[in-house]
1. Collect the residues in region 337-357 that are touching a helix residue (DSSP H, G or I) at 6+ places or on another chain (Cβ under 8 Å), within 16 Å of Val317 (Cα to Cα) and of a type in the set (A, V, I, L, M, F, W, C), keeping them in residue-number order.
2. Could you list, in sequence order, the residues of region 337-368 that are within 17 Å of the chain's Cα centre (by Cα) and outside any helix (DSSP H, G or I)?
3. Taking the condition of being aliphatic (A, V, I, L, M), within 30 Å of Asp307 (Cβ to Cβ) and touching a residue at least 60 places away in the same chain (Cβ under 8 Å), how many residues in region 430-478 meet it?
4. Take region 357-391 and flag every residue that is at pLDDT below 95 and out of contact with any Ser or Thr (no Cβ under 9 Å at 6 or more places or on another chain).
5. Read through the list (1) under 18 Å from Leu323 (Cβ atoms); (2) not in a helix (DSSP H, G or I), then give the number of the only condition that Arg374 fails.
6. Under 6 Å between Cβ atoms, at least 6 apart or on separate chains: pull out the pairs that start in region 373-399 with a residue that is within 15 Å of Leu293 (Cα to Cα) and crowded, with 24+ Cβ neighbours inside 10 Å and end on any residue that is modelled with pLDDT of 95 or more and of a type in the set (Phe, Trp, Tyr).
7. Only one of these is at pLDDT below 95 and either surrounded by fewer than 17 Cβ atoms within 10 Å (Cβ to Cβ) or in the same structural domain as Val22 (by TED's automatic domain parsing) (or both): Gly190, Gly153, Gly142. Name it.
Amino acid sequence: MNLLFVASECTPFVKTGGLADVIGAVPKSLAATGTQVRVLIPCYPALAAVAAGGKSVMEFDDLFGGPARIIAAQADGLEMLLLEAPHLYDRPGSIYLGPDGRDWHDNDLRFAALSFAGAQIGIGCLGDWVPDVINAHDWQAGLVPAYLRQHDGLTPPVVMTIHNIAFQGVFDATRLSALRLNADMFTPEGVEYYGKISFLKAGLALASKITTVSPTYAAELLTPEFGMGLDGLLRARQADLHGILNGIDLDVWNPETDAAIVSTYSARALKGKAKNKAEIEARFGLTSGTGPLFCVVSRMTSQKGLDLLLECLPDLVGQGAKLALLGSGDPDLERAYIDASNSYSGSVGTIIGYDEDLSHLMQAGCDAILIPSRFEPCGLTQLYGLRYGTLPVVARTGGLADTVIDANEAARLADCATGFQFAPVTAHGLAHAISRCCNLYQNPKAWTATMRRAMRHPVGWDLSAAAYLDVYRSAQER
């Protein structure tokens with residue numbers, strides 16, 4: 001099977017969230033099944049070196065305002081198709097935001113171009129390689145099936161994957177012609193969404209199949225609470241909706257070989273974890289305590305529940321625990337955690353920003369990771385935590401509920417517990433989960449057994465890759 005991924009980011013080249021990790025990892029797992037996967041992403045400045053070693057395979061005289069071409073290149077074990085359009089992508093800073101922190105004014109054109117290029121590949125414009133299925137990821141690729149629908153000939157089926165339904169790519173209806181969409185596409189069955197254009201809604205309405213990143217999130221999306229205005233459409237398409245858990249790249253995230261950590265270790269030999277803990281304490285200005293060292297590696301937003309954690313800090317510190325936080329986002333939350341670091345000097349440490357190597361070290365050096373998200377499609381940090389024996393403390397929502405087995409008494413007796421869940425998602429619920437974690441930490445034998453069990457829990461892509469293949473084959477049969 002020839003498979004085309006269309007996405008806006010891909011690890012290790014450009015990343016703002018978990019989408020990039022998925023795009024960088026799934027093709028490698030699918031390749032092991034004999035599937036030939038090519039990944040189409042914009043050629044941002046970070047990909048210039050990759051593009052320089054590639055070959056131009058397709059050209060556009062005018063792609064939404066300027067010339068463009070597609071460059072085929074190989075990098076990091078991936079077959080890449082880079083959409084080089086300097087007028088759209090050759091910009092400093094974030095791939096989505098301008099220097100002022102706001103969306104680029106032409107994001108509709110930037111990602112319509114990505115979808116249009118994906119559709120052109122789908123109808124055979126590359127010549128020697130035609131995809132059997134296209135997997136479009138998130139709103140940035142949502143117009144792929146719309147452009148294919150405007151083509152008169154045969155087209156491949158599209159599978160639309162939702163990584164986070166909160167981001168829907170909504171633009172003014174007056175942009176229809178600028179986006180090269182026919183007037184008859186502006187219907188409730190097409191791209192129209194409450195009088196506007198929604199890229200994500202278009203993808204969900206027009207794709208052959210829909211996937212999202214966990215079974216629980218798939219069920220949640222059918223409700224008004226989590227569907228964010230698209231729950232009705234998803235209920236109508238429930239038979240085509242599949243929840244498939246994300247995995248992680250076991251080569252990149254491996255405590256036995258990780259070059260970013262101070263001392264490697266394994267489930268059999270845990271000694272090295274203590275050396276990483278000492279390094280984290282030094283980096284974050286923390287003193288050793290009698291309780292566990294918690295970490296947070298997250299965007300600092302309301303979705304991630306970090307305002308709830310602020311309310312829990314007195315209890316956390318009062319139990320002899322420590323907190324190391326790495327993240328950025330909401331300026332008010334950033335200031336609040338910097339203030340907390342000053343108020344609880346030696347017990348709370350905050351670093352504003354993101355550092356990939358430091359995130360690896362935190363997974364290796366901390367005892368537990370806190371993920372109090374109000375909603376979480378799948379989440380990856382809890383999977384990293386499992387892999388590194390850093391017990392996840394998670395809200396019972398989305399993929400967090402699917403991947404962490406709560407360490408209640410029955411689960412511990414059954415030898416299957418891997419972390420802690422809490423519900424409802426409130427400060428009180430989080431505080432109770434933190435206390436349960438602190439209590440287990442005081443029982444070294446039980447804590448070590450839970451760590452080892454977590455590290456042996458399957459978090460790779462093998463099972464998920466097989467599930468994706470089933471969906472792709474089903475899409476071909478329609």
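The values are calculated or read from the model by the stated rules, or taken from the named source; none is laboratory data. What you see is a predicted model, and the numbers here were worked out from it, not measured in a lab. Backbone-built Cβ (ideal geometry, glycine too); neighbour counts: all protein chains shown.
1. Ala340, Val348
2. If the condition is that a residue be within 17 Å of the chain's Cα centre (by Cα) and outside any helix (DSSP H, G or I), then Tyr354, Asp355 are the ones that fit.
3. 6
4. Leu380, the sole residue that qualifies.
5. It is condition (1) that Arg374 fails.
6. That search, which allows pairs on different chains as well, returns Val393/Phe420.
7. Being at pLDDT below 95 and either surrounded by fewer than 17 Cβ atoms within 10 Å (Cβ to Cβ) or in the same structural domain as Val22 (by TED's automatic domain parsing) (or both) holds for just one of Gly190, Gly153, Gly142, which is Gly153.
Residues are listed down the side, and each one gets a yes or a no for (1) surrounded by fewer than 20 Cβ atoms within 10 Å (Cβ to Cβ); (2) at pLDDT 95 or above; (3) out of contact with any Cys (no Cβ under 8 Å at 6 or more places or on another chain); (4) farther than 30 Å from Thr155 by Cα:
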position: Cys438; (1), (2), (3), (4): no, yes, yes, yes
position: Asn443; (1), (2), (3), (4): yes, yes, yes, yes
position: Ala446; (1), (2), (3), (4): yes, yes, yes, yes
position: Ala466; (1), (2), (3), (4): yes, no, yes, no
